[in-house]
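Heads up: the structure comes next, in structure tokens.
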Amino acid sequence: MSQTKRSKKKPATGPRFAIAIMAAGKGTRLKSKLPKVLHEVGGKPLLAHVIAAAARVVPANDIVAIIGHEAGKVRDATAASGIRYAVQSEQRGTGHALMVAREALAGYDHVIVLSGDAPLITPETIRQLRDFHLAQRSAMTLLTADLQNPTGYGRVVRKSARGPEVRAIVEEKAASATQKKIREINAGFYAFSVPDLYAFIGKLTTGNAHGEYYLTDMAAALGSAGKKVVAWKTPSADEVLGGNTRAELADIDSRIRWAKCQSVMESGVTVFGPETSIIDADVEVGTDTIIEPFVQLLGKTRIGGDCRIRSYSVIKDSQLADGVLVRPGCIMDGAKVAAGAMIGPYSHLRPGSDIGEGGHIGNFVETKQTKMGKGSKANHLAYLGDAEIGAGVNVGAGTITCNFDGINKHKTVIEDGVFVGSDSTLVAPVKLGSGSYVGAASCITDDVPADSLAIGRARQIVKEGWVRQRRKK
Ligand code: UD1
Ligand code: CA
């Protein structure tokens, strides 16, 4: 009440809209331990997609997710969005879901109802549904679509073929042979006048195939009370697809992947074999970069222009500057790579890896919390962890930073221009001064001063004629 009074002070505030997202169902058809709305498509949970679309239409605080099955998990997975929740502890149908949301929706004029398992819905379509609902001044407006194969969906029975008014929604299981031929389906998205919804929701009954309260029955309930129920048919039928089965999840996932690849290509990136590559929604790629088949770019990854990402590389939450070459089979997670660097094949850049301009990280090299300066190279078979490596350093094949003593991690510092001979072990904490050399196969336990040579290995012994003697025995 007080909110209504306060809003009167503001000039021309429109009707108050909330968005309710039904997300309490178990998802029996998925045969899963995980609640349905947490199954992932396009790199994030179904529900996260729906929340993201809703949050572009109303503020997060006006979004209510109706959760129930594994409510704690669903809440944890989406809490960062700042939305509100209503708990439907027993899932007695989509109509019942709206019954439990009554309190959360008090004070709103209208509510748009979305399905937590239909992630392709766009903000544009939600807005069109809202605008049509307002223009029609209806009590209930449902989003519909013509589907080539309407099997499984509720069918829309219009009052007349030409008008927007709807007589009823008939669920698949209750549909007659003639009704089953109707290709216009109920998408499961609605706009309701909140007072009308709650004035008549008590009319719903459980006399149906599932013994549930169907929200779809509100069409007939409101209609017989003389309230206006209309349908708005979307031309983008793909947006209504729901992920009820694993096959439907795979289909939705590939649609999202394909759309992202398309937009990346449109922005000037070459993607060879786009149906094989996975690029998450938030990934950015600069122009004239070439992405070869079977590449995964995940999370918050940003790739510069003129890069080449060769096949079988999986790059997550990493930043690559311009002109970086990633050879086949690299794994990166939380890494930073400066311009013109060459990585791989088969390199593993773990969190905190920071490779300088023009640097080389070669095959079977693993880095973690390691900064490499400009032009430094580790071309073969090395482990570099907790290291600070300057510019122009050459790390020989098989070099290992022994950074862990079983309890604590220690740091290795390698200054500019150092040459580390092959198969050296650097026992941290240790520092190699600028311009110093480490002889091959050394075990370095003490700091090496600048411009010095350190050799830490047993001297070679040669026993001349030893083999000949042995043969005689
Ligand atoms: C529903 C519609 C159907 C429509 C289809 C579109 C009903 C009765 N039928 O069928 O007309 O064509 O969507 O996809 O509404 N949920 C709850 N609480 C419950 C039950 C379900 O929150 O008690 C949630 C589910 O988690 C899901 C959504 O509501 O996100 C829809 O439920 P679902 O069981 O998938 O309905 P459909 O059988 O797909
Ligand atoms: Ca569904």
Residues being part of a loop (DSSP other than H, G, I, E, B) and under 41 Å from the mean Cα position of the chain (by Cα): count how many of those fall in region 388-421.
17
Please list, ordered by first then second residue, the pairs with beta carbon atoms under 6 Å, 6 or more apart or interchain, first in region 20-34 and over 15 Å from H96 (Cα atoms), second at pLDDT 95 or above and near ligand 1 (Cβ under 8 Å from one of its atoms).
G27/K36; L30/K36
Of everything in region 32-69, what is in a helix (DSSP H, G or I), among the hydrophobic types (A, V, I, L, M, F, W, C) and buried (at least 20 other Cβ atoms within 10 Å of the Cβ)? Give them in sequence order.
V37, L38, L46, L47, A48, V50, I51, A53, A54
I'd like to know if region 238-246 contains one or more residues that are within 16 Å of ligand 1 (Cβ to nearest atom) and over 30 Å from S138 (Cβ atoms).
yes
Kindly indicate whether any position in region 385-400 is within 21 Å of R327 (Cα to Cα), of a type outside the set (V, I, T) and touching a Pro at 6+ places or on another chain (Cβ under 6 Å).
no
Mind listing whichever residues of region 223-237 are within 13 Å of ligand 1 (Cβ to nearest atom) and either free of Cβ contacts under 8 Å to residues at least 12 places away in the same chain or touching a Lys or Arg at 6+ places or on another chain (Cβ under 9 Å) (or both)?
A231
Sort through K173, K159 and tell me the only one that's more than 13 Å from ligand 1 (Cβ to nearest atom) and more than 17 Å from S236 (Cα to Cα).
K159
Log entry, pairs with first residue in region 403-425 being modelled with pLDDT of 95 or more, second being among the basic types (K, R) and not in a loop (DSSP other than H, G, I, E, B), beta carbons closer than 8 Å, six or more apart or on different chains, reads N403/K409; T412/K431; V413/K431; I414/K431; E415/K431
Wholly within region 144-260, which helices (runs of 4 or more DSSP H) include no fewer than the required count, namely at least 1 residues that are within 18 Å of L129 (Cβ to Cβ)?
194-200, 218-224
For region 447-459, pairs from a residue that is over 12 Å from K431 (Cβ atoms) to a residue that is outside any loop (DSSP other than H, G, I, E, B), with Cβ under 6 Å and 6 or more apart or across chains, are L453/Y437; G456/C443; G456/I444
Considering region 70-119 alone, what residues qualify as being in a loop (DSSP other than H, G, I, E, B), more than 9 Å from ligand 1 (Cβ to nearest atom) and under 23 Å from V230 (Cβ atoms)?
A101, L105, Y108, D109
The condition from (1) within 16 Å of ligand 2 (Cβ to nearest atom); (2) polar (S, T, N, Q); (3) in contact with a helix residue (DSSP H, G or I) (Cβ under 9 Å, 6 or more places away or on another chain) that S138 misses is numbered (1)
Name the residue, out of G154, G107, G95, that is within 16 Å of ligand 2 (Cβ to nearest atom) and within 16 Å of D196 (Cα to Cα).
G95
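The values are calculated or read from the model by the stated rules, or taken from the named source; none is laboratory data. Just so you know, these numbers come straight off a predicted model, no measurement behind them. Here the Cβ is made from the backbone with ideal geometry for all residues, glycine too, and neighbour counts use every protein chain on show.
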